[in-house]
1. In segment 208-226, what count of residues is obtained for those that are touching a residue at least 12 places away in the same chain (Cβ under 8 Å), within 19 Å of Ala288 (Cα to Cα) and within 17 Å of the chain's Cα centre (by Cα)?
2. With respect to Arg10, determine if the residue is among the basic types (Lys, Arg) and either at pLDDT 95 or above or not in a helix (DSSP H, G or I) (or both).
3. Quickly run through segment 252-296 and pick out the residues that are polar (S, T, N, Q), in contact (Cβ under 8 Å) with a residue 40 or more places away in the chain and either out of contact with any helix residue (DSSP H, G or I) (no Cβ under 6 Å at 6 or more places or on another chain) or under 18 Å from Ile223 (Cβ atoms) (or both).
4. With (1) more than 16 Å from the chain's Cα centre (by Cα); (2) under 30 Å from Leu178 (Cβ atoms); (3) not charged (D, E, K, R) as the list, and Asn245 as the residue in question, which single condition is left unmet?
5. For segment 118-146, which positions are of a type in the set (A, V, I, L, M) and free of Cβ contacts under 8 Å to residues at least 12 places away in the same chain?
6. Picking from Phe91, Phe107, Phe77, which residue would you name as being at pLDDT below 95 and aromatic (Phe, Trp, Tyr)?
7. Give the residue, chosen from Val170, Val187, that is in the same structural domain as Met78 (by TED's automatic domain parsing), modelled with pLDDT of 90 or more and within 24 Å of Thr109 (Cα to Cα).
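The values are calculated or read from the model by the stated rules, or taken from the named source; none is laboratory data. Owing to the predicted nature of the structure, the values given are computational and were not obtained by experimental measurement. Here the Cβ is made from the backbone with ideal geometry for all residues, glycine too, and neighbour counts use every protein chain on show.
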Amino acid sequence: MRRRTAMSRRQWLWGLAFAAPWLIGLVVLELYPMVMSAYLSLTQYHVFTAPRWIGLRNYRQLFADPLFWLSLRNTLFMVLVGIPLNLATAFGLANLLNARLRGVAVFRTAVYLPTLMPAVAGTLLWMWLLNPVYGLINWLLSTLGLHGPGWFSSPIWSKPALIVMGVWGVGAPAIIFLAALQGVPEVLYEAARIDGAGRRRRLWHITLPLVSPATLFLVITGIIGTFQLFTSAYVVTGGTGGQDNSLLFTVVYLYQLAFTELRMGYASALAWILFMVILAVSVLTFRATRRLVYYEGG
């Protein structure tokens with residue numbers, strides 16, 4: 001019994017030793033910053049001065065801050081418009097890539113390749129393509145007799161331009177949809193054809209229910225990622241928020257507060273509010289789709 005206890009203790013220590021790098025990283029790089037951020041959100045802290053406890057004043061000030069509400073509206077626009085458009089495009093591409101054609105692997109690779117481009121490089125490429133003076137997109141529109149908009153320099157077209165950029169990079173969700181489509185049993189389609197079901201009914205009653213877990217996964221990850229939209233907006237505007245603050249998203253505003261104005265306490269409060277918003281939207285999405293998601297064998 002003692003020998004078994006000593007052996008169990010030794011195995012536990014070895015396991016702890018192997019897990020130590022991850023545990024240290026978790027505590028130092030994640031848990032400690034989170035705790036400090038929660039504390040700083042309750043203080044007035046300008047980096048070069050010691051934190052001064054002010055309680056919930058930062059949160060009350062944020063809820064009265066018009067720029068906070070503007071940044072939240074801009075972010076919600078990207079969530080409500082960008083995510084459905086991206087997922088619809090990805091699902092359509094996945095259906096095309098699911099065809100049994102010779103050389104389809106080449107097209108799958110071509111669809112996925114844009115996701116491998118670094119975010120900054122991809123944004124610079126689209127800034128050139130959407131340049132209102134010499135950009136390729138406006139030149140193509142002019143050949144059709146259309147006057148192209150100002151895109152990123154226009155407060156009306158700046159967010160649609162970012163959404164177009166997002167649609168260009170739907171390779172990753174398209175591949176996930178493709179994997180889900182290939183998991184749908186072919187016998188279900190054959191039975192539906194025998195019963196006289198057309199393509200629309202097969203799509204509505206077979207395909208969509210069976211790929212719903214992948215859809216939910218992409219919706220949740222899309223919500224989390226879009227609420228944290230930063231890199232492309234920062235590169236396009238230099239962190240200023242763009243014309244009329246049309247690209248002032250919540251994380252861009254957080255960056256301005258923390259690293260431009262050095263109001264770390266105020267920025268920490270904004271970070272925690274953003275966390276609560278993402279958590280609330282994610283939980284509501286899970287609950288709203290509970291009866292719409294079909295888990296095979298569940």
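1. Residues of segment 208-226 touching a residue at least 12 places away in the same chain (Cβ under 8 Å): 209-220, 222-224, 226.
Filter once more, so that each one left must be within 19 Å of Ala288 (Cα to Cα): 209-220, 222-224.
Pick out the ones that are also within 17 Å of the chain's Cα centre (by Cα) and you get 214-220, 222-224.
Going through segment 208-226 one residue at a time, the tally reaches 10.
2. Working: among the basic types (Lys, Arg): yes; either at pLDDT 95 or above or not in a helix (DSSP H, G or I) (or both): no.
Here the answer is no, as Arg10 does not meet what is asked.
3. Quick first cut of segment 252-296, residues polar (S, T, N, Q) only: 256, 260, 268, 282, 285, 289.
From the residues that got through so far, the ones that are in contact (Cβ under 8 Å) with a residue 40 or more places away in the chain too are 268, 282, 285, 289.
Listed by number, the residues that qualify are Ser282, Thr285, Thr289.
4. (2)
5. Ala121, Leu125, Leu129, Val133, Leu136, Leu140, Leu141, Leu144, Leu146 - these are the residues of segment 118-146 that are of a type in the set (A, V, I, L, M) and free of Cβ contacts under 8 Å to residues at least 12 places away in the same chain.
6. Working: Phe91 fails: at pLDDT below 95; Phe77 fails: at pLDDT below 95.
Only one candidate qualifies: Phe107.
7. Working: Val187 fails: within 24 Å of Thr109 (Cα to Cα).
Being in the same structural domain as Met78 (by TED's automatic domain parsing), modelled with pLDDT of 90 or more and within 24 Å of Thr109 (Cα to Cα) holds for just one of Val170, Val187, which is Val170.
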